[in-house]
Amino acid sequence: MASVQNLKKDIDFLFFEFISDCFMFTSLHTGEKRTEVQNLIEEAVSMRNEFIQRVNHPDGKDNPALVKAYYKSVRKDLLEKVDEFFEKLSAISKSK
């Protein structure tokens, strides 16, 4: 199992990559799309903070099997959420 520190680094890396793509998008577009992406950035930052909070407070601290399952579910949720954010950004960029 990866350490908690590495999981936090993964969370930061994935969300900062997404935010970086959003900033690139906003530098190339104006108007309503830019506002939508700025709202998406705010949502992503909030979600990043929630994931860090989840990592800092695991369930079942006394049972190693529960802790391992908890961090596995956090990692799975993280990848799903980041993928959703990239899909939303892609949808905004494809809209007219």
Residues in region 22-36: is at least one within 22 Å of residue 76 (Cα to Cα) and at pLDDT 95 or above?
-> no
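Every residue in region 30-55 that is touching a residue at least 40 places away in the same chain (Cβ under 8 Å) and over 12 Å from the mean Cα position of the chain (by Cα), please. Full working, then the answer.
Looking only at region 30-55, we keep the residues that are touching a residue at least 40 places away in the same chain (Cβ under 8 Å), and these are 33, 36-37, 40, 43-44, 51-52, 55.
Those that are touching a residue at least 40 places away in the same chain (Cβ under 8 Å) and over 12 Å from the mean Cα position of the chain (by Cα): 33, 36, 37, 55.
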Go through the residues of region 40-56 one by one and say whether even a single one is basic (Lys, Arg) and exposed (fewer than 12 other Cβ atoms within 10 Å of the Cβ).
-> no
Spot the failing condition for residue 66; the list is (1) free of Cβ contacts under 8 Å to residues at least 12 places away in the same chain; (2) closer than 25 Å to residue 91 by Cβ, and only one is missed.
-> (2)
Filter region 8-29 down to residues that are under 12 Å from the mean Cα position of the chain (by Cα) and aliphatic (A, V, I, L, M) and give me whichever is nearest to residue 67 (Cα to Cα).
-> 11
Output the residue which, of all residues in region 57-96 that are surrounded by fewer than 14 Cβ atoms within 10 Å (Cβ to Cβ) and basic (Lys, Arg), is farthest from residue 8 (Cα to Cα).
-> 96
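The values are calculated or read from the model by the stated rules, or taken from the named source; none is laboratory data. Everything numeric here is computed off the predicted structure, so don't read it as measured data. Backbone-built Cβ (ideal geometry, glycine too); neighbour counts: all protein chains shown.
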